[in-house]
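Please read the structure below before turning to the comments.
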Amino acid sequence: MCARSAERAEGRADAAMMERYRADYPVGPHDKPQSMCPAFGSLRTGLRMKRVGTILSGSACCVYGLTFVSHFYGARRSVGYVPFDSETLVTGKLFEDIRDAVHAMADPAAYDAIIVTNLCVPTASGVPLRLLPKEIDGVRIVGIDVPGFGVPTHAEAKDVLAGAMLAHARAEVEAGPVPRPEGGSGSDSGRPSLALIGEMFPADPVMIGAMLAPMGLAAGPVVPCREWRELYGALDCAAAAAIHPFYAATMREFGAAGRPCLPGAPVGLDGTAAWLDRVGHAFGVSADGAKAAFLPAIREALDGSRVEGTITVSGYEGSELLVARLLVESGADVPYVGTACARSAMSDPDREWLEAHGATVRFRASLEDDLSAMEGVRPDLAIGTTPVVQKAKEAGIPSLYFTNLISARPLMGPAGAGSLQEVVRAAMGNRGRMARMKGFFEGVGTGDAAGVWEGAPNLRPDFRALNRKKLDKRARAKAAEAMI
């Protein structure tokens, strides 16, 4: 989408919503997603919740791609879809179709809530999901807009949905008594609870709860939640911990409920000590007992298996700074940390610590930033997204895909301190094998000349020159549009 088209789309979209998104998710050097469609984040979050249905409104190709990827990642339920054409879009019939679909789907025996998501085209056209009923026969209706021109990453789209559901739940709590969560809440123990913000490895909230216990505190529900009633339990906390710092809408709802949010996470030795002190100060209790119980075990885990070498870290999950801290405390040299998420006050403690230990931290890092860092440093290991890993392997540099191999491990407490070393050291030991593979494939060509040819590849430089002229003409036209 060219700059002029994006401006026209944003002009048709709800102005207040777009202003809120600009404040919550400020753009960086790239103002459009460079990873998968951002709506995948909110879609997957909703599909993980019990008794929550999902309806998508968007172009058929977008819905197909989103549902395909969601099932690839383990979704075991159907996704509703409201199709449209030019006529239903411009006449307002699409909204009526969405409303009819919601009424048809709102069965209280099957659902606690239904999430309706506008993708790019309905959002740009101003389809007003805010006019949907808030509840039908006891089934909550939550409408959200997740356009690629307003939400830069799929990680932040999780916040869009989590914040919208938390706002709905907060209104219910303010209106009167609400049902208890099936698994209870942290306050059921009689101890003040700390809600946790951000998707984590399942063992991490358990470990955080163990670290809070010596302080007389309990770990509350994790937001995004797995069932609607957990939202009530999260709001029942005394404070919330922004384990992942980019959940702007979610933190705003906790703030509106009078619950302060704390930055940082209990990762590594320094990070855990500082975080426990921060929690203790917020609750007015001593953190000495918790530190005495857990810091020696963390130190032992870090010392037990050191990582020696240079590692670059990049990704779009939002936990990149936490992983980098753990690697530094494990002995690694981490000169570059790139995250696709935006900088916020909640990420400042981790950023300041990393910069004090020699790392360059880049927020809203583009793929070009990550590739430039990897190619410039030529580390012993590159941790990053799929294209970074692909480029690293082409260069013979050992690499690990952040999402599947790094974020799918515990990070908190003693368990987290010892979780990364084994996989990182094994990957760093592959440099010799990578060199042999690179040598084996040397000379087979790259790009459109890749592969084994019986003769010389038919490169057609005349076609290349013609296409270059078309691209140059398009670039000049885009530059001219931007000047108008």
Seminar exercise, completed: Among residues of the stretch 125-140 being open to solvent by 10 Å² or more (accessible area, probe 1.4 Å) and in contact with a Pro (Cβ under 7 Å, 6 or more places away or on another chain), the residue nearest to ALA249 (Cα to Cα) is GLY138
Exercise. Within the stretch 401-455, which residues are in a helix (DSSP H, G or I), surrounded by fewer than 17 Cβ atoms within 10 Å (Cβ to Cβ) and on the phi > 0 side of the Ramachandran plot?
Worked result: GLY447
Problem set entry | Which listed residue, of ARG180, ARG191, ARG226, is under 23 Å from the mean Cα position of the chain (by Cα), among the charged types (D, E, K, R) and part of a loop (DSSP other than H, G, I, E, B) | ARG226
For this session: Please find, within the stretch 36-49, the residue that is nearest to ASP85 (Cα to Cα) out of those that are open to solvent by 10 Å² or more (accessible area, probe 1.4 Å) and either in contact with a helix residue (DSSP H, G or I) (Cβ under 7 Å, 6 or more places away or on another chain) or modelled with pLDDT of 95 or more (or both).
Result: CYS37
For this session: Please go through the stretch 270-294 and pick out each residue that is open to solvent by 20 Å² or more (accessible area, probe 1.4 Å), assigned to a helix (DSSP H, G or I) and under 26 Å from MET251 (Cα atoms).
Result: ASP270, ALA273, ALA274, ASP277, ARG278, HIS281, ALA282, PHE283
Exercise. How many residues does the stretch 40-74 contain that are part of a loop (DSSP other than H, G, I, E, B) and within 26 Å of ALA408 (Cα to Cα)?
Worked result: 6
Exercise. Does SER366 count as closer than 14 Å to TYR336 by Cβ, surrounded by fewer than 19 Cβ atoms within 10 Å (Cβ to Cβ) and in contact (Cβ under 8 Å) with a residue 60 or more places away in the chain?
Worked result: yes
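Within the group LEU89, LEU94, which residue is at pLDDT 95 or above, in a helix (DSSP H, G or I) and within 20 Å of MET18 (Cβ to Cβ)?
LEU94
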Exercise. Do we have any residue at all in the stretch 372-381 that's outside any loop (DSSP other than H, G, I, E, B) and closer than 20 Å to GLU199 by Cβ?
Worked result: no
Problem set entry | Pair list, Cβ < 6 Å and 6+ apart or interchain, from the stretch 324-342 residues that are in contact (Cβ under 8 Å) with a residue 24 or more places away in the chain to residues that are among the hydroxyl-bearing types (Ser, Thr, Tyr) and outside any loop (DSSP other than H, G, I, E, B) | ASP333/THR310; TYR336/THR312; TYR336/THR360; GLY338/SER314
For this session: Mind telling me which of the residues ALA324, ALA345 ends up being among the hydrophobic types (A, V, I, L, M, F, W, C), surrounded by fewer than 19 Cβ atoms within 10 Å (Cβ to Cβ) and under 22 Å from the mean Cα position of the chain (by Cα)?
Result: ALA345
Seminar exercise, completed: Checked ARG343, ARG259 against criteria (outside any helix (DSSP H, G or I), closer than 25 Å to VAL223 by Cβ and at pLDDT below 95); the one match is ARG343
Problem set entry | Where a residue in the stretch 409-438 is under 20 Å from GLU320 (Cβ atoms) and its partner, wherever it lies, is open to solvent by 30 Å² or more (accessible area, probe 1.4 Å) and among the acidic types (Asp, Glu), with Cβ under 7 Å and at least six apart | MET428/ASP380
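The values are calculated or read from the model by the stated rules, or taken from the named source; none is laboratory data. Keep in mind the model is a prediction, meaning the values are calculated, not measured. Because the Cβ atoms are built from the backbone with ideal geometry, glycine has one as well, and the counts that use them run over all protein chains shown. Quick note on the areas: whole protein, heavy atoms, side chains included, nothing else; ligands and nucleic acids left out. Shrake-Rupley method; radii C 1.70, N 1.55, O 1.52, S 1.80 Å.
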